[in-house]
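The values are calculated or read from the model by the stated rules, or taken from the named source; none is laboratory data. Every value quoted in this text rests on a predicted model; they were computed, and no experiment measured them. Here the Cβ positions follow ideal geometry from the backbone for every residue, glycine too, while neighbour counts run over all protein chains shown. When the accessible area is computed, the model is the full protein with side chains, heavy atoms only, and any ligands, DNA or RNA have been set aside. Shrake-Rupley method; radii C 1.70, N 1.55, O 1.52, S 1.80 Å.
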Amino acid sequence: MLYIIKTKEQLYSVPLDKDWIGYDLEFSNLDVRKGTLLLMSISDEHHTYVIDCTVLSRDDLQYVKPLLENALCIGAAISIDYRYTLHHLGINIARMSDVIVLDMMLRAGVYTPNSKEHGSAFSLQSIAWRRLGVTLDKEIRKEFIHYTGSLSEQAYVYAGKDTQYLKQIYDQQCAEIQKLGLEKIQNLEERLLSVTALMEYQGIPLDINELKALEAPFQRYIKTCEKMFQDIFIRHGAAHTLYFGKNGYKCLNVRSRDQVIQAFNKLGLNVTSLSSKELAKWDYKNRKHVDHVSFHQLLAEEDEDIADAIENFGGYDNPYLKAYAFYKRAEKLMSAYVKGLQQRYDPDTGRIYPWFRQCGARATGRYSSDIQQIPKDSKLRELGLDESIRSCFHMPKGKKLLIADYAQIELVILAELSGDQLLIKELLTGDVHTVVARDVLGEIIPIAKNITPENKKTYPFDVLRDFSKIISYGIIYGITDANLSEQAQNKLGSVFTEYGKKPSQKQWQTAIDQWKRTFPDAGRTTEEASRNAVTKGFTESILGRKRFYDLAEIRRNRWSFLAAQREGSNQRIQSTSADMTKLAMLLCFERLDRTQAQVILSVHDEIGVESTKKYAPHAAYVLKTSMEDAAKQLLPTLGKYVQVQVHISNRYNK
């Protein structure tokens, strides 16, 4: 039965003594600070109440506060409903579940396509169709977005229908969760919902003036690079037409994929795509001689500093590809971050508001977020820029930013899972990466055998030790000999030039095998996980988070089989890392005085807390101990050795 509530008397008929409710809000804007709260829908076993929030006052709506603070509120994308409820009504929903988060957890790794008819794969619309065969028409949603002061009767019906099926979906999910032994994961994800919602609500402070100041150096780089390309293509006969205008001349549009490919082809670079993967393959297989000195001189005619930066830019040996990659990096940083962040800036609060998806990386359970892509300073240093985009996230007066992450946690988890004694020993008292450089790289690059604790920070041993990290973490993530060979050419080119020829692809497979012989139990553990993926159809983390694999597809398709092996080898490690970070966030959230400090970001295994200056030392202690306690709970053998360092700063510059 649907009840439309427009008066206080009608509102007071809504029962408050419920163990659970389906809960959903309709609003005019995804930004809670700019939008209008329009309708509140509450469903129980037999009734649905659609409350018109445009005619009832904030004081009137406090009537539902006991219900929202005591009942389990089941929603879909409930984070935004939580934020609207908090911002517009001042009510904190105490217990929540989200059928979208639970469905992503239950279908981790399962191919789930979007649908023209039912929308995104993990929208309520798609889940209702997939589970109940119910069609939810979302067209009426446009009426809320374009709200002009009144709502149609269809809008009330639509709002009520959204909540009517939530409990049915939730009950189905809970039955599956119990069958699969995912109760601990469900508990963790549901308790985290308020943490996620408050991170999105709190936002991150941004110094807009510092960000705007970055435009000038980036514009200089982009314009100079574009001029360089025009000259390169003209002087090397790759241009057939010149265009003259008020801003000078040009022979092609550097932003046009087709025109750049044609120009590259005329220079002898026979590529059909500008994807980094194809360009890297071409560069690796076609290392034709190019006069690097003349190329640098040509670039230096425009700007010597930028010419030097391009020459030192990694990734490719071919100077044309190197210059193009340099240009694309500068252009992307400018458009996506220097200008993109300005567009998202709220001048009223001095903040941007990132989104966080709790199971956004469905295969592993990691958070996904647009804040994860904010480039580290090293990306700008590779362009020869001393500026920092991250440092533009600047705390207001009287506040501090606390950042902490888990050091080499994937290797620690692998050591816990495998019990590999050498790996444990080197993690606790030695240096894993020096051992890998000496005992693994040394088998195919003889100079690496000479690395010692004393010389590991000097060339070429520092470069070799850094590459040993790629080997170790790459093996955890299922790296192939071909991929390792390509990365070695990019990272170790100077070492090969000075200390002998580069190893063959076959030798890189030898290096992978040698790593597994050096750490035999660790190697067997990754191989066992690979087998489980293709025989059992799932792998799982220490806490019990599962990733599923389609056995029928694996048996039918060789590439699916190989992909499942690769993904299976690392899921246990990645998912355990995700569970540990999430548990640490939850512990930190529950232990902080939230009038003084708030968790505001999570990036991979990094957690950020905004605190008042006075409370910051205690907040740092809470963050540190929460992360260490999470490690102890999930890693019974090695967790007690996990040490976390907290960085306290005015900026996001860790």
Taking segment 9-56 only, how many residues are touching a helix residue (DSSP H, G or I) at 6+ places or on another chain (Cβ under 9 Å) and either open to solvent by less than 50 Å² (accessible area, probe 1.4 Å) or without any contact (Cβ under 8 Å) to a residue 12 or more places away in the chain (or both)?
30
Considering each residue of segment 324-345, count those that are without any contact (Cβ under 8 Å) to a residue 60 or more places away in the chain and either closer than 22 Å to residue 280 by Cβ or surrounded by fewer than 18 Cβ atoms within 10 Å (Cβ to Cβ) (or both), and give that number.
9
Just checking, does segment 607-624 include any residue being at pLDDT 95 or above, closer than 23 Å to residue 366 by Cα, of a type in the set (Phe, Trp, Tyr) and open to solvent by 10 Å² or more (accessible area, probe 1.4 Å)?
no
Only one residue in 160, 149 is small (Gly, Ala, Ser) and in a helix (DSSP H, G or I). Which one?
160
Among the residues of segment 361-378, which ones are touching a Pro at 6+ places or on another chain (Cβ under 7 Å) and assigned to a helix (DSSP H, G or I)?
370, 371
Filter segment 590-606 down to residues that are modelled with pLDDT under 95 and either among the β-branched types (Val, Ile, Thr) or at positive phi (or both), then give me how many there are.
2
Does at least one position in segment 264-279 carry a residue that is within 30 Å of residue 107 (Cβ to Cβ), at pLDDT 85 or above and surrounded by fewer than 16 Cβ atoms within 10 Å (Cβ to Cβ)?
yes
Within segment 217-239, can one find any residue that is surrounded by fewer than 16 Cβ atoms within 10 Å (Cβ to Cβ), more than 20 Å from residue 326 (Cβ to Cβ) and modelled with pLDDT under 90?
yes
Would you confirm, using the coordinates I've provided, whether residue 415 is surrounded by 21 or more Cβ atoms within 10 Å (Cβ to Cβ), on the phi < 0 side of the Ramachandran plot and small (Gly, Ala, Ser)?
yes
Enumeration of residues in segment 374-386 that are farther than 26 Å from residue 613 by Cα and either without any contact (Cβ under 8 Å) to a residue 60 or more places away in the chain or open to solvent by 60 Å² or more (accessible area, probe 1.4 Å) (or both)
375, 378, 379, 380, 381, 382, 386
Report every pair of residues separated by at least 6 positions or lying on different chains whose Cβ atoms are under 8 Å apart, first residue within segment 619-640 and touching a residue at least 12 places away in the same chain (Cβ under 8 Å) and within 16 Å of residue 423 (Cα to Cα), second surrounded by fewer than 18 Cβ atoms within 10 Å (Cβ to Cβ) and not hydrophobic (A, V, I, L, M, F, W, C).
637/419; 639/632; 639/633
Looking at this structure, is residue 348 open to solvent by 40 Å² or more (accessible area, probe 1.4 Å) and free of Cβ contacts under 8 Å to residues at least 12 places away in the same chain?
no
Is segment 53-76 home to any residue that is within 18 Å of residue 124 (Cα to Cα), touching a strand residue (DSSP E or B) at 6+ places or on another chain (Cβ under 7 Å) and outside any strand (DSSP E or B)?
yes
Which one of these does residue 169 not meet: (1) in contact with a Lys or Arg (Cβ under 8 Å, 6 or more places away or on another chain); (2) assigned to a strand (DSSP E or B)?
(2)
Inside segment 424-448, the number of residues satisfying the requirement of being open to solvent by 40 Å² or more (accessible area, probe 1.4 Å) and either at pLDDT 95 or above or within 30 Å of residue 640 (Cβ to Cβ) (or both) is 6
Specify the residue that is nearest to residue 352 (Cα to Cα); the eligible residues are those in segment 586-606 that are more than 16 Å from the chain's Cα centre (by Cα) and open to solvent by less than 10 Å² (accessible area, probe 1.4 Å).
599
Tell me which residues, restricted to segment 460-478, are open to solvent by 30 Å² or more (accessible area, probe 1.4 Å) and either on the phi > 0 side of the Ramachandran plot or part of a helix (DSSP H, G or I) (or both).
462, 463, 465, 466, 469, 470, 473
Does at least one position in segment 187-202 carry a residue that is open to solvent by less than 70 Å² (accessible area, probe 1.4 Å), of a type in the set (Val, Ile, Thr), touching a Ser or Thr at 6+ places or on another chain (Cβ under 6 Å) and under 16 Å from residue 27 (Cβ atoms)?
no
Has segment 72-89 got at least one residue that is surrounded by fewer than 20 Cβ atoms within 10 Å (Cβ to Cβ), farther than 30 Å from residue 347 by Cα and not polar (S, T, N, Q)?
yes
Taking segment 245-261 as the region of interest, how many residues are in contact with a Leu (Cβ under 8 Å, 6 or more places away or on another chain) and open to solvent by less than 50 Å² (accessible area, probe 1.4 Å)?
3
Does segment 337-360 hold any residues that are in a strand (DSSP E or B) and within 30 Å of residue 579 (Cα to Cα), and which are they?
351, 352, 356, 357, 358, 359, 360
How many residues does segment 622-643 hold that are of a type outside the set (Phe, Trp, Tyr) and more than 23 Å from residue 610 (Cα to Cα)?
10
